[in-house]
Amino acid sequence: MQILVNIYQLIMLILMLASTYAGLLANFLFIYLAITCVYMVMLKLIQLLRKQIVLIPRLPRVAAVPMLGLALLRCFSWIILGVCITYSMIPIQFPGNDYTSVNYLIWLLVGILSLCAFFPAGKFSVFSSIIYAFKGIFLAVVLLMACLPPDHVGLRLHAPFKGQWYVFQGGHSPLVSHHYFAGSQEYALDFIRPEDGTFSMAQQLELEDFKSFNQPIYAPIDGEVHAVVSSLDDNPFGQVDPNNPIGNHVIIRTTEGAYLLLAHLKKDSILVTPGLKIQRGRLLGYSGNSGNSTQPHLHIQAMDKPDTFESKTKPLQILFQNSRGEFRSLRRNDRLLGLQEN
């Protein structure tokens, strides 16, 4: 049975690493927690029926101390997993008290798994312990990356929209941004209006139902329009256009020589042309749902070259001015207040 346990742990670790690279780490962690809790409870029940469970306090001290240490290692791994899931959650996606209920569920599952760690069946597997240690360290690192103080060095931008918008994806960690391993998109941010967070893919919605759709988008910095695409159709809610990932977009060459991309704009809404010199606050077009976008939002990123998908194009950090006049990097669940709405 221990061989099967080791194989399960190894498969889950591989899937965790793969989901991290694919930008799906936060989604995977919740599924992993739920599945593993059911699996571990069933395993412990089988071991209990077979009378294989060992009570650590009843062991000789020479055996109890290392067993207790390995149990604490597993407990640490589950607690870090719970913290990562809680940190990566997006509160505006949950109606009413659902966010609190989901948090309770997460920590109930973490508590059950932590308790199971203190009821081993014989000796702990060295192989399994190594996997737990690696998983705990890995999750601690991505959590630390997500929690580090915002940067103050980067391309300084002003809000490109009116009203308050919400960072749905973004932050320098794969825990809070699916852009992290996407080349030039490493520092990219996805903005939506907060009202759009609760819409489910199961709902039948029109694009006009979204507050993030057909909103005016302004130049966040001085520069020159480098490239424009405006003829692509907006996707129906829940669908994407994989052949044109960034959809309708504007690329601005800034006065610092960087290239700024504003993507997923509305079809035929862009009001500027390549070669036009623009100043901050110039109306560029309107937000849409074109390209690789399942729901209306604004994608923004900075690069050292204009080709978004060129392997040699390097991502650049972007900073936005907050209500106190400070330029800070943003991450998931941050809010950015733009121009005053009429």
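The values are calculated or read from the model by the stated rules, or taken from the named source; none is laboratory data. Because the structure is predicted, anything quoted here is derived from the model rather than measured. Positions of Cβ are backbone-derived with ideal geometry, glycine not excepted, and every protein chain shown enters the neighbour counts. Calculation scope for accessible area: heavy atoms of the full protein, side chains included, ligands and nucleic acids excluded. Shrake-Rupley method; radii C 1.70, N 1.55, O 1.52, S 1.80 Å.
Structure data summary
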| item | result |
| --- | --- |
| Within the stretch 269-317, tally of residues that are more than 21 Å from the chain's Cα centre (by Cα) and of a type in the set (A, V, I, L, M, F, W, C) | 7 |
| Meets criteria (under 19 Å from M12 (Cα atoms), buried (at least 18 other Cβ atoms within 10 Å of the Cβ) and β-branched (V, I, T)) for V41 | no |
| Qualifying residues in the stretch 89-128 (those that are among the hydroxyl-bearing types (S, T, Y) and at pLDDT 90 or above) - the one surrounded by the most Cβ atoms within 10 Å (Cβ to Cβ) | S114 |
| Test: residue in the stretch 74-94 that is of a type in the set (A, V, I, L, M), without any contact (Cβ under 8 Å) to a residue 24 or more places away in the chain and over 30 Å from L261 (Cα atoms) | no |
| Matching residues in the stretch 242-266 - criterion: being part of a loop (DSSP other than H, G, I, E, B) and under 28 Å from V153 (Cα atoms) | I246, T255, E256, G257, A258 |
| Those residues of the stretch 63-94 which are closer than 20 Å to M16 by Cβ, within 23 Å of the chain's Cα centre (by Cα), among the aliphatic types (A, V, I, L, M) and part of a helix (DSSP H, G or I), in sequence order | I79, I80, L81, V83, I85 |
| Enumeration of residues in the stretch 52-62 that are open to solvent by 40 Å² or more (accessible area, probe 1.4 Å) and either small (G, A, S) or not in a helix (DSSP H, G or I) (or both) | Q52, I53, L55, L59, P60 |
| Residue in the stretch 325-334 that is buried (at least 19 other Cβ atoms within 10 Å of the Cβ), among the charged types (D, E, K, R) and under 21 Å from D209 (Cα atoms) present | no |
| Test result for Y259, over 30 Å from I137 (Cβ atoms) and among the aromatic types (F, W, Y) | yes |
| Wholly within the stretch 138-241, strands (runs of 3 or more DSSP E) carrying at least 3 residues that are touching an Asp or Glu at 6+ places or on another chain (Cβ under 8 Å) | 164-169 |
| Selected residue (only one of L49, L29, L13, L81 is of a type outside the set (S, T, N, Q) and open to solvent by 30 Å² or more (accessible area, probe 1.4 Å)) | L49 |
| Tally, over the stretch 200-213, of residues that are more than 25 Å from R282 (Cβ to Cβ) and without any contact (Cβ under 8 Å) to a residue 40 or more places away in the chain | 8 |
| Residue in the stretch 267-295 that is surrounded by the most Cβ atoms within 10 Å (Cβ to Cβ), counting only those that are of a type in the set (D, E, K, R), out of contact with any Leu (no Cβ under 8 Å at 6 or more places or on another chain) and part of a loop (DSSP other than H, G, I, E, B) | R282 |
| Cβ-Cβ under 8 Å pairs, at least 6 apart or on other chains, the stretch 214-233 side more than 20 Å from L337 (Cα to Cα) and among the charged types (D, E, K, R), far side at pLDDT 95 or above and buried (at least 21 other Cβ atoms within 10 Å of the Cβ) | E224/I252; D233/S290 |
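So that you can scan it fast, the table gives a plain yes or no per residue for (1) modelled with pLDDT of 95 or more; (2) open to solvent by 30 Å² or more (accessible area, probe 1.4 Å); (3) in contact with a Cys (Cβ under 7 Å, 6 or more places away or on another chain); (4) β-branched (V, I, T):
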{"site": "P160", "(1), (2), (3), (4)": "yes, no, no, no"}
{"site": "Q169", "(1), (2), (3), (4)": "yes, no, no, no"}
{"site": "S173", "(1), (2), (3), (4)": "yes, no, no, no"}
{"site": "H179", "(1), (2), (3), (4)": "yes, no, no, no"}
{"site": "G183", "(1), (2), (3), (4)": "no, yes, no, no"}
{"site": "I192", "(1), (2), (3), (4)": "yes, no, no, yes"}
{"site": "G197", "(1), (2), (3), (4)": "no, no, no, no"}
{"site": "Q203", "(1), (2), (3), (4)": "no, yes, no, no"}
{"site": "D209", "(1), (2), (3), (4)": "no, yes, no, no"}
